[in-house]
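The values are calculated or read from the model by the stated rules, or taken from the named source; none is laboratory data. The model shown is predicted, which means the values in this text are computed figures rather than measured ones. A quick note on method: Cβ atoms are made from the backbone with ideal geometry, for glycine too, and the neighbour counts reach across all protein chains shown. These area figures cover heavy atoms from the full protein model, side chains too; ligands, DNA and RNA do not enter into them. Shrake-Rupley method; radii C 1.70, N 1.55, O 1.52, S 1.80 Å.
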Amino acid sequence: MIVKSAKFVKSCVEPSAASEFSPQICVAGRSNCGKSTLLNKLMGARLCKTSQTPGRTRLINIFEVTSDVQKFYFVDLPGYGFHKAQKSQADEWSERTDGYFRETENIAQVLCLMDIRRDPSDLDKVLINYLRDLGLPFTVVLTKSDKLSRAQAGNALMKISASLGLARDNLIVTSGQSGDGKDKLLSRIEEIINN
């Protein structure tokens, strides 16, 4: 699949405001796992603000993507696990994310982003089990592979797949910096939106 153009559509406070867009490829992950960098690489444009500061994304951000296959929407969710946020803010973000998953009917796939250099956290595992419970389809996307050698990345892939109880073909290794895994991930998205 080739991305021809992408544009920011809107930010939503209420999850219900995201429901009108279809199909949706939702992007979820811990704060600072590289969501914005990877999204920018996939869309071929710097539409997401990147920051060294975790917890930058606080709203549900929607981007329209036109490809050679069909139009679809990336939905960038607030990162989880950012403990420096005030508790009320953290609760508000988790409620927003929970509401999005429960209320949105147009979710074609959830991309669960995880930093390949880290073992899956309890929160990462909670997200995977939560999506299983809701019956939402997901793919685990391992980010920041440019920080490791090929051998280290291969070992990390095996370790993470075992930790999550997932087959290795359910995980895609990527780098938002170098573009590694971009074509494979776009091919997976093409399969999803064509079904």
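Points to keep in mind about this one:
- Selection of segment 4-30 for residues being of a type outside the set (Lys, Arg), open to solvent by 20 Å² or more (accessible area, probe 1.4 Å) and either touching a Leu at 6+ places or on another chain (Cβ under 8 Å) or within 20 Å of residue 128 (Cβ to Cβ) (or both) yields 6, 8, 11, 13.
- For segment 63-82, taking the residues that are open to solvent by less than 10 Å² (accessible area, probe 1.4 Å) and among the aliphatic types (A, V, I, L, M), the one that is nearest to residue 20 (Cα to Cα) is identified as 75.
- One residue from 123, 185, 136 being part of a helix (DSSP H, G or I), surrounded by fewer than 19 Cβ atoms within 10 Å (Cβ to Cβ) and not aromatic (Phe, Trp, Tyr): 123
- Identity of the residue in segment 139-182, part of a helix (DSSP H, G or I) and touching a strand residue (DSSP E or B) at 6+ places or on another chain (Cβ under 8 Å), that ends up most open to solvent (accessible area, probe 1.4 Å): 170
- Strands (runs of 3 or more DSSP E) wholly inside segment 15-78 that include at least 1 residues being over 22 Å from residue 172 (Cα atoms) and at pLDDT 90 or above: 60-67, 71-76
- Extreme residue, nearest to residue 40 (Cα to Cα), among residues of segment 159-178 that are of a type in the set (S, T, N, Q) and in contact (Cβ under 8 Å) with a residue 24 or more places away in the chain: 177
Results for (1) among the hydrophobic types (A, V, I, L, M, F, W, C); (2) under 16 Å from the mean Cα position of the chain (by Cα), shown as yes or no for each residue.
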site: 4; (1), (2): no, no
site: 13; (1), (2): yes, no
site: 17; (1), (2): yes, no
site: 26; (1), (2): yes, yes
site: 29; (1), (2): no, yes
site: 35; (1), (2): no, yes
site: 38; (1), (2): yes, yes
site: 41; (1), (2): no, yes
site: 45; (1), (2): yes, no
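- Qualifying residue in segment 100-108 (condition: open to solvent by less than 20 Å² (accessible area, probe 1.4 Å) and either modelled with pLDDT under 85 or under 25 Å from residue 158 (Cα atoms) (or both)): no
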